[in-house]
1. Run the reach check for LYS175 against aspartates and glutamates, Cα to Cα strictly under 19 Å, same-chain hits fewer than 8 apart removed. What comes back?
2. What is the extension gain from VAL201 to SER95, computed as 0.36 nm multiplied by their sequence separation minus the C-alpha to C-alpha distance, in nm to one decimal?
3. Taking only protein heavy atoms and a 1.4 Å probe, what accessible area per residue, in Å², does the range 204-329 have with all protein chains in place?
4. For ARG229 and THR180, what does the FRET efficiency come to when R0 = 45 Å and r is the distance between their Cβ atoms, rounded to the nearest 0.05?
5. Apply 1/(1 + (r/R0)^6) to the Cβ-Cβ distance of ASP393 and LYS335, taking R0 = 35 Å, and write down the FRET efficiency to the nearest 0.05.
6. Pop out the carbon and sulfur fraction of the accessible area of the range 381-431 as a percent, whole number, probe 1.4 Å.
7. So how much accessible area does TYR329 have, in Å² to the nearest 10, using a 1.4 Å probe?
8. In nm, give the distance between the simple-model label positions of LYS424 and LYS240, each being 7 Å from the Cα along the Cα-to-Cβ direction.
Amino acid sequence: MALSLSCHAALRLQHQVASGNHSNKNLDNVRRLVNRIGIASVQSSPLESLRDGNWIKLICGASFEDVVDIRNLSLVYTLAGVDCIDCAADASVVSAVNEGIQAARDIVDVRRPWVMISVNDDQDLHFRKAEFDPENCPLDCSRPCEIVCPANAISLREEIMNEPSEVASLSGALKGGVITERCYGCGRCSPVCPYDKINLVTYVRDAATTAKLIKWGDVDALEIHTNGRQTTPFQELWDKLGDSSKYLRLVAVSLPNIGDLTISTMKTMFSIMESQLRCSNLWQLDGRPMSGDIGRGATRETIAFAAQLALSNDRPPGFLQLAGGTNFYTVDGLKKQGLFQSTSTRKDLMNKELSSSLHALIGGIAYGGYARKIVGRVLSSLQAQSGDSNIEDYPDHLLAALVEALALVGTVKCYDPSLISSAKVNNSSSL
């Protein structure tokens, strides 16, 4: 009996050692891939990336607050070489982003991306949550809301309950509903509900809380979402933020295309910011807000928006960056328009170190739903296998996620696609 237990323990130890060796090998593969791509050797600042036209931002989501996913996303995309990670203006979310960044830098000494928080000056698509009472849902509902949700933020289950009565009976009810921290307000669930039970609740981030978060010290950049049609709410928000902008490296304004009024509105907003602006500024051109789509057509609106503004001599100072509908095809679309990393001698009055040099017409691209989706497949696999885990503790999953991120980031950073393809093939049997 003792011999049997001893043999069993020895076999278990051998399995653990083999598993550990496999994990260490895959973590070495992560380091080797990052170094071969050349990410660790890129010492240019995020500001230089904007100037050169290869800035890339990960949008975690202004309303997305799942700190486990956000931490792991931040780790993966830091290793992939993004310049900025945009997240909700919430202290726990900011901490998760910074933790993910540090975990990535503990693996490979890559440059630290800027951390950006997003706020809104009025009701905005990016700042809302879905809600409904699952007990009001019919038991025979096909639950299309669960199927259509890209964030896996709706979970419904049927529970059988005893009903006190003269004749003993059983009845059921749906439980669960919206997982609030995972919902980022895309709105896809509401129109597919056959019983019109889902509401989308909007909110506005508190300016005073945001100012404190900026002064806290772990935030590098601020993004203000505005509909662009009224500048009074923008003025009010900016005033409430007070002198917090002096702690920032970048202030971005995200706005949709409002046609002929776009440039005049940008000018008004810049005049509001100018006296308190102590850093560079950026205009996020939100061509197709909250889309997260994967087709070529999804990116056309933001490219058309960029083309409208890029060659204008009348727009106010600030870098231009694409968002909304951006995906794997966005760079190809910019190339067809002659806008990818093409340079201009237009001076940036707010940035003295760049004012006398050439810089790109389009500073870069932000990826949101699409970037989260391609890495999210790996994160979902990890969660199903190991629950809420740090992805670096499962290097095979980390390598798979990194390969997906590199394929997207590489379209902007111009990484060698053959190295990424080779890594993908070699890792395809690991999961």
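1. Cross-link targets: GLU131, ASP133, GLU135, ASP140, GLU146, GLU158, GLU159, GLU163, ASP196.
2. Extra length available between VAL201 and SER95 comes to 35.6 nm.
3. 41
4. Once the sixth-power term is evaluated, E becomes 0.95.
5. 0.35
6. 47
7. 70
8. About 4.5 nm separates the two model spin labels.
The values are calculated or read from the model by the stated rules, or taken from the named source; none is laboratory data. Please read these numbers as outputs of a predicted model, since none were measured by experiment. Every residue, glycine as well, gets a Cβ built from its backbone with ideal geometry; the counts of neighbours run over all protein chains shown. Only protein heavy atoms, including side chains, enter the accessible area calculation; ligands, DNA and RNA are left aside. Shrake-Rupley method; radii C 1.70, N 1.55, O 1.52, S 1.80 Å.
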